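K.L.:
A single structure is presented below for examination.
Each reported figure results from applying straightforward, stated rules to the coordinates on display, with no laboratory input. Everything quoted here is computed from the prediction, not taken from an experiment.
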Amino acid sequence: MKLNEIADNPGARKNRLRIGRGIGSGMGKTGGRGGKGQTARSGVRIKGFEGGQMPLHRRLPKRGFNNIFALKLNEVNIGQVQAAIDAGTLEKGADVDSAVLVNVGILRRAKDGVKLLGGGELRAKVNFTVYGASKSAIVAVEKAGGSVKIIAPPKEAKEPRGKNVLRQLEEAKGGKPAAKAAAEGDEAPAKAPKAKAEKPKADKAPSDKKPKA
């Protein structure tokens with residue numbers, strides 16, 4: 001270490017930006033002050049403005065959507081776990097979750113969880129705790145003597161739209177839904193058939209017509 005080698009931490013002292021030194025410097029001509037008016041006019045198109053007509057990015061159709069609630073899951077095949085066991089980085093009979101998979105190098109990061117898939121072959125007993133798993137993966141793990149614990153919440157069965165509408169109508173009228181009433185043991189009162197009101201027969205007036213001879 002010499003006196004001329006002593007320096008401050010990198011980035012502590014920054015060089016002053018020298019403006020107005022040619023367009024190649026990135027700060028030439030107007031020197032960061034912009035132009036006059038709409039960049040001094042003559043055919044500019046700021047942010048896609050096309051003189052009032054419908055701009056191109058609004059004329060093109062939309063396709064698909066982005067699900068903001070979607071989870072980012074890591075997909076792991078049982079063959080990858082068996083390869084880690086064969087390499088000695090993972091013990092037989094171990095309890096495996098996303099943190100363990102990151103530690104042994106199968107995953108780079110945990111993300112929102114792990115989905116276990118049935119690709120490859122598993123010969124060792126392993127107990128998995130994962131967000132989800134395919135049917136083939138569960139069968140292969142249980143065949144090898146292990147277990148799979150699913151931590152994802154179960155999906156609720158959606159009620160058919162027609163039954164849902166009828167249930168909402170019953171609740172609006174103040175009555176219990178049919179399914180709830182059946183669960184509580186309440187039987188719906190049987191509706192008595194409506195009696196038809198008989199109309200009184202009018203007495204026939206004597207006709208003036210004479211019988212034909």
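K.L.:
For a quick check: with amide H placed at 1.01 Å from N, whose amide H comes under 5 Å from Ser147's, ignoring anything fewer than 5 positions away on the same chain?
P.N.:
Answer set, sorted by chain and number: Val126, Asn127, Phe128.
K.L.:
Explain nothing, just compute: Karplus ³J(HN,Hα) = 6.51 cos²θ - 1.76 cosθ + 1.60, θ = phi - 60°, for every residue of the range 13-30 in order, whole Hz, x for Gly and Pro.
P.N.:
10, 10, 6, 5, 6, 9, 8, x, 10, x, 5, x, 7, x, 10, x, 6, 6
K.L.:
Take the Cα atoms of the range 1-158, find their three principal axes, and give me the spread along each one in whole Å, biggest first.
P.N.:
76, 67, 25 Å, listed from the longest principal axis down.
K.L.:
Per-residue HN-Hα couplings for the range 61-72, Karplus 6.51 cos²θ - 1.76 cosθ + 1.60 at θ = phi - 60°, whole Hz, x for Gly and Pro?
P.N.:
x, 8, 9, x, 7, 9, 7, 6, 9, 5, 8, 9
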